[in-house]
There are 2 protein chains.
Amino acid sequence: MSGPLVPGRLAVVGLGPGDACYLTAEAEAALAGAEALYGYAAYLDRVPVRQGQGRYASDNRAEGARAAAALRHAAEGASVAVVSGGDPGVFAMAAAVLEELAAGPESWRALDIKIVPGVTAMLAVAARVGAPLGHDFCALSLSDNLKPWELVERRLTAAASAGFVLALYNPISRARPWQLGRALELLRGLLPASTPVVFGRAVGRGDERVTLTTLAAADPESADMATLIIVGSRQTHVIARPGRAPLVYTSRSAEGASA
Amino acid sequence: MSGPLVPGRLAVVGLGPGDACYLTAEAEAALAGAEALYGYAAYLDRVPVRQGQGRYASDNRAEGARAAAALRHAAEGASVAVVSGGDPGVFAMAAAVLEELAAGPESWRALDIKIVPGVTAMLAVAARVGAPLGHDFCALSLSDNLKPWELVERRLTAAASAGFVLALYNPISRARPWQLGRALELLRGLLPASTPVVFGRAVGRGDERVTLTTLAAADPESADMATLIIVGSRQTHVIARPGRAPLVYTSRSAEGASA
């Protein structure tokens with residue numbers, strides 16, 4: 001059996017955070033041009049229904065299976081889009097698709113693969129409070145589903161000790177209830193108690209909640225699966241404003257850096 | 001003298017990488033609604049001219065002066081937008097504006113400040129080659145204009161040793177000719193020679209150039225001021241494809257992580 005005459009196409013499309021205002025023109029065009037959409041149900045719900053476009057929703061945790069199904073569909077000659085929240089390249093579907101592609105049949109390598117970037121959660125949360133990612137920073141997943149917890153601790157320690165601001169993805173879930181508390185405890189041993197900490201939940205959605213606290217007061221109970229946490233460095237400052245929410249920024253200059 | 005009756009507004013707007021396809025709907029609305037635009041001339045040139053909208057171009061290096069001028073203008077009651085390439089919160093204008101605000105007159109704290117996020121360079125470069133930022137990574141400026149070079153080296157060492165992928169901003173300039181070579185030399189002592197390295201220049205522009213190489217072969221001469229460099233980790237893999245550019249991804253799983 002020979003393959004389709006026209007090689008299939010697969011785009012992994014970043015929707016940005018919860019609101020359509022974050023969608024780029026490129027992402028909109030990629031969604032409009034697809035014959036079939038694959039994605040976690042909550043992300044698919046954010047894409048307007050188009051006549052004749054197939055929609056294949058799957059569970060949040062079924063990333064590998066979803067990626068493989070989308071690749072199989074594209075290999076039939078179809079134009080397929082896998083939708084992803086935020087940016088597909090940051091703790092999202094792009095790596096899952098490429099892992100499946102690498103492990104799959106040789107013929108998948110002939111597919112036209114495109115990754116369409118988007119505004120990832122840490123950029124949207126940072127923007128809501130100012131510019132806490134204004135200087136060197138790390139993005140780190142607290143999930144120990146695919147890496148040992150010891151490695152998470154080693155990376156937290158290395159990054160905080162070297163003066164990076166931290167953006168923590170996947171801070172907590174029902175199956176991972178204690179990891180965030182342990183991470184904050186570890187960071188309290190490395191950074192001043194007054195270090196600014198931002199909890200940014202569901203930015204751009206109706207249930208958005210963004211709060212500013214300190215490392216000493218940061219409460220793991222404030223976070224859920226939809227939360228992105230930013231932990232400042234010694235160069236992260238807070239500007240108090242009468243009648244307005246405070247602004248947080250990390251200064252570009254690190255001459256007084258003690259870390 | 002009393003201030004204006006309506007507090008001025010200042011938005012710091014991310015244009016994304018070079019092409020308008022990366023602009024978000026929110027950024028487009030913020031640009032359209034401003035009475036005056038401030039920015040580095042090359043970024044301002046990317047914004048369509050609108051009748052009655054003032055345009056104040058300045059030099060790339062005049063970030064502090066530009067931020068202060070925009071704040072002064074907003075403090076007169078105007079609606080001002082400061083434009084920034086990529087995301088304004090990542091090595092760009094948002095932190096510069098907030099540094100000036102923190103140091104400026106108390107009255108500036110009454111201004112309505114908004115940061116409008118965008119697709120930052122590392123996301124666009126990563127998308128062009130696959131998903132090299134698919135797992136834990138750091139964003140680090142190689143500029144030693146505002147921090148000592150020893151701190152850059154300490155951060156490079158900490159991040160690479162702990163297994164983070166690295167996104168290097170501001171890798172080189174006429175005034176900083178040797179720093180990138182020194183950084184690559186340092187990384188060669190920490191990571192395998194085969195580690196994938198991506199040079200991404202001017203993504204989305206007519207003169208875009210994205211190349212994949214290895215840490216052993218990476219040549220500082222391939223970079224200029226408009227280049228973003230991604231250095232992989234031990235979990236970064238390359239998928240060869242007959243007749244197509246190879247794909248690069250960092251696997252989500254780090255079980256075999258030796259770093």
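Go through segment B:1-79 and tell me which strands (runs of 3 or more DSSP E), entirely inside it, have 1 or more residues that are within 27 Å of A:TYR22 (Cβ to Cβ) and touching an Asp or Glu at 6+ places or on another chain (Cβ under 6 Å).
Those strands (runs of 3 or more DSSP E) span B:9-14.
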query = With respect to A:ARG128, is the statement that it is in contact (Cβ under 8 Å) with a residue 40 or more places away in the chain, in a helix (DSSP H, G or I) and of a type in the set (D, E, K, R) true?
reply = yes
task = Scan segment A:148-189 for residues that are among the aromatic types (Phe, Trp, Tyr) and under 21 Å from A:HIS135 (Cβ atoms) and report the count.
result = 2
query = Among A:GLY39, A:GLY14, which is open to solvent by less than 20 Å² (accessible area, probe 1.4 Å), within 14 Å of chain B (Cβ to nearest Cβ) and under 20 Å from A:GLY89 (Cβ atoms)?
reply = A:GLY14
query = Among the listed residues A:ARG174, A:ARG155, A:ARG205, which satisfies the condition of being among the basic types (Lys, Arg) and either within 11 Å of chain B (Cβ to nearest Cβ) or closer than 29 Å to B:LEU151 by Cβ (or both)?
reply = A:ARG155
message = Among (1) within 14 Å of chain A (Cβ to nearest Cβ); (2) within 22 Å of A:ILE239 (Cα to Cα); (3) touching a strand residue (DSSP E or B) at 6+ places or on another chain (Cβ under 6 Å); (4) in contact (Cβ under 8 Å) with a residue 40 or more places away in the chain, there is one condition B:ALA30 misses while meeting the rest; what is its number?
response = (2)
ask   = Among the listed residues A:ARG72, A:ARG46, which satisfies the condition of being open to solvent by 50 Å² or more (accessible area, probe 1.4 Å) and either facing chain B (nearest Cβ under 10 Å) or free of Cβ contacts under 8 Å to residues at least 24 places away in the same chain (or both)?
value = A:ARG72
Odd one out for A:VAL83 among (1) within 14 Å of chain B (Cβ to nearest Cβ); (2) in contact (Cβ under 8 Å) with a residue 60 or more places away in the chain; (3) under 15 Å from the mean Cα position of the chain (by Cα) = (1)
note = segment B:143-236: strands (runs of 3 or more DSSP E) wholly inside it with 3 or more residues that are polar (S, T, N, Q) and open to solvent by 50 Å² or more (accessible area, probe 1.4 Å) are none
ask   = In segment A:119-152, what count of residues is obtained for those that are within 11 Å of the chain's Cα centre (by Cα) and at the interface with chain B (Cβ under 7 Å from one of its Cβ atoms)?
value = 7
remark   = Filtering segment A:94-124 down to residues that are assigned to a helix (DSSP H, G or I), farther than 25 Å from B:ALA20 by Cβ and open to solvent by less than 10 Å² (accessible area, probe 1.4 Å) yields A:ALA95, A:ALA96, A:VAL97, A:LEU98, A:LEU101
query = Can we say B:ALA103 is more than 7 Å from chain A (Cβ to nearest Cβ) and either under 20 Å from the mean Cα position of the chain (by Cα) or not small (Gly, Ala, Ser) (or both)?
reply = no
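The values are calculated or read from the model by the stated rules, or taken from the named source; none is laboratory data. Bear in mind the structure is a predicted one, so any value in this text is a computation, not a measurement. Cβ atoms come from the backbone with ideal geometry, glycine included; neighbour counts cover every protein chain shown. Heads up: the accessible areas ignore ligands, DNA and RNA and are worked out on the full protein's heavy atoms, side chains in. Shrake-Rupley method; radii C 1.70, N 1.55, O 1.52, S 1.80 Å.
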